[in-house]
Amino acid sequence: MVNNRFLFLISAAVFITFSCKNSTTTDNKSAESEVVKDKPLATFDSLNLLISNNPENASLYNKRANFYLLVGEKNKALTDVNKSLQLDSTALETYITLADVYFSTERYVDSRETLVKVINLDPRNTSALLKLARLYYIYKEYPTTISFLNRALEIDPMLKDAYFIKGMTYAENNDTSRAIFNYQKAVEVDASFYDAWIELGNIYAAKNNALAGQYYNNALNLDTNNTHALYILGLYYQQTVGDIEKAQAIYEKILGIENNANALYNMGYIELVENQNYNRAISYFYQVLKVNPQYYDALFNLAYALELSGDKEDAKLKYKELLKKVPNHQKALQQLNQLE
């Protein structure tokens, strides 16, 4: 089955924009990010026009660098942030952007050194403190992570991201009580903090505690068509509660919104394992592979469903197809040997 935990881990592929205040400036990146998401081309055109009219304005290049980061143009972001620093080498917010650029390209040491420079100049810069905590979390240096988070929270006790990262840090160390406390603090600060609700649900689902459903629904209520939240809730009913009908209803809702490979896979798995309806299972697994041809679990279960349905020749073909893609797939080798 698909893993039922969807931990929001800060990794090399995840870029977090912290919306917080420091002692020298108000960080408006969060609001700007929403504008960029809503009207990206208009934002870009506006910045280009402003820069052409004010080519010596360092902050405009910094803003455009953040835009490039948000849309994944890392090299262009680096060019703009360097231009901004050429024009004004004293702007701490630009160094924070530079640290983000380094982070996005996995230059973690450079990112850390840049953030340390900011904190040395402004020890109360909560944005830099949070981002340093993020880096040490990646390095699994958890005491240092907590230390930076506590420093940030002493300055501003309303930093939801600080509580969230503390929650992840404690969860990594199996300290679920402290993890729960910090996730709850995060949603107290911001009741729309989706990832914190999900993590609370994950912890309570692992405990087989019915509060998990409440927390997952809190996340879903933020957007009732959020297919990620729906999928996690479906898994919860399928795997933890054992309410297959409710799980199926949720997967059907997902499929009414989008052609979701995971929802299709789980529908196929239910038909294969719970209902022993092999033809319906086969149909679902074929649909999964149309959406994602690299979904190897679906390909194995398709072969297995074909085998159980009595279509052993097609089953052998599918096992062989899987073995070409995953040569050491032990289950496929075992089933194929039994058939031959």
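The values are calculated or read from the model by the stated rules, or taken from the named source; none is laboratory data. Nothing here was measured: the structure is a model prediction, and the numbers come from that model. All Cβ positions, glycine included, derive from the backbone under ideal geometry; neighbour counts span all protein chains shown.
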Output the residues belonging to region 269-284 that are part of a helix (DSSP H, G or I) and either at positive phi or touching a Ser or Thr at 6+ places or on another chain (Cβ under 8 Å) (or both).
-> Y278, N279, I282
Only one of (1) within 20 Å of the chain's Cα centre (by Cα); (2) more than 30 Å from A206 (Cα to Cα); (3) crowded, with 23+ Cβ neighbours inside 10 Å; (4) not hydroxyl-bearing (S, T, Y) fails for A152. Which number is that?
-> (1)
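The rows are residues; the columns are (1) touching a Ser or Thr at 6+ places or on another chain (Cβ under 7 Å); (2) closer than 30 Å to G201 by Cβ; (3) surrounded by 17 or more Cβ atoms within 10 Å (Cβ to Cβ).
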{"site": "L60", "(1), (2), (3)": "no, no, yes"}
{"site": "A77", "(1), (2), (3)": "no, no, yes"}
{"site": "Y136", "(1), (2), (3)": "yes, yes, yes"}
{"site": "E141", "(1), (2), (3)": "no, yes, no"}
{"site": "D156", "(1), (2), (3)": "yes, yes, no"}
{"site": "F164", "(1), (2), (3)": "no, yes, yes"}
Looking at (1) surrounded by fewer than 16 Cβ atoms within 10 Å (Cβ to Cβ); (2) of a type in the set (S, T, Y); (3) in contact (Cβ under 8 Å) with a residue 60 or more places away in the chain, which is the one condition that is false for Y286?
-> (3)
Consider T94 against the criteria (1) at pLDDT 95 or above; (2) over 21 Å from N125 (Cβ atoms); (3) hydroxyl-bearing (S, T, Y): it satisfies all of them except one. Which criterion is unmet?
-> (2)
Subset tally (residues that are within 18 Å of G242 (Cα to Cα) and in a loop (DSSP other than H, G, I, E, B)) for region 204-228 | 4
